1. Roughly what % of Cα-Cα distances in the stretch 4-114 sit above 24 Å, to the whole percent?
2. Highest GNM mean-square fluctuation, the chain, Cα pairs closer than 10 Å: which of Gly97, Gly67, Gly28?
3. Based on the Cβ-Cβ distance of Ser51 and Thr112, what FRET efficiency does E = 1/(1 + (r/R0)^6) give at R0 = 25 Å, to the nearest 0.05?
4. Report the residues of the stretch 23-56 in range of a label on Phe84: point 7 Å along Cα→C-beta, backbone N strictly under 17 Å from it.
5. For the chain, what's the relative contact order in percent, using C-alpha pairs closer than 8 Å and at least 6 residues apart?
6. Taking the 0 to 90 degree range and rounding to the nearest ten, how far is the long axis of helix 50-63 tilted relative to the main principal axis of the chain, both from C-alpha atoms?
7. Between Ile27, Ile12, Ile63, which gets the highest mean-square fluctuation from a Gaussian network model of the chain, Cα cutoff 10 Å?
8. Test of understanding: in a Gaussian network model of the chain with alpha carbons linked when under 10 Å, which of Val47, Val38, Val70 would top the mean-square fluctuation ranking?
Amino acid sequence: MTYKINGTELIIQPTTGRWFPRAQAGIGGDGHAIYVGVREYELRWQVESASGYNQLMNYFDAINPTGTAVVDLPQFGHSAHTFFSYSGCVLREPEAGVYFSESHTTVILLVTNIVT
């Protein structure tokens, strides 16, 4: 399986991806942590072509500020490396490091509002 946004495979697959721990909203009266109901996932590329970066920016521009996307990510907590389509996701603006030899380096796309 591969990473996709709105059913379209990314031109260049990320170098790495990871689930962030859920944010802690507070501590209950019994001392247990209370967590927010959504998760975040980070896609990271060491090197991304201009066309690949453009694809990410087009997705961001298409859904910002009011839309959502369906993003295919590795299924959270699943025993096998399988992908799952998460709907209602929000994309943060892609970040890029230095521009080198006609490519962007250290590109990061954060997918938020993921209900697992």
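Here, each number is a calculation from the coordinates, and none is a lab measurement. As the structure is a computational prediction, the values presented were derived from the model and not from experiment. Quick reminder, even Gly has a Cβ in these numbers, built from the backbone with ideal geometry, and neighbours come from all protein chains shown.
1. 31
2. Ranking Gly97, Gly67, Gly28 by mean-square fluctuation puts Gly28 first.
3. About 0.50, to the nearest 0.05.
4. 23, 36-42
5. Relative CO of the chain lands at 30 percent.
6. Between the helix axis and the principal axis of the chain, the angle is about 50 degrees.
7. Evaluated over the chain, the most mobile residue of the options is Ile27.
8. It is Val38.
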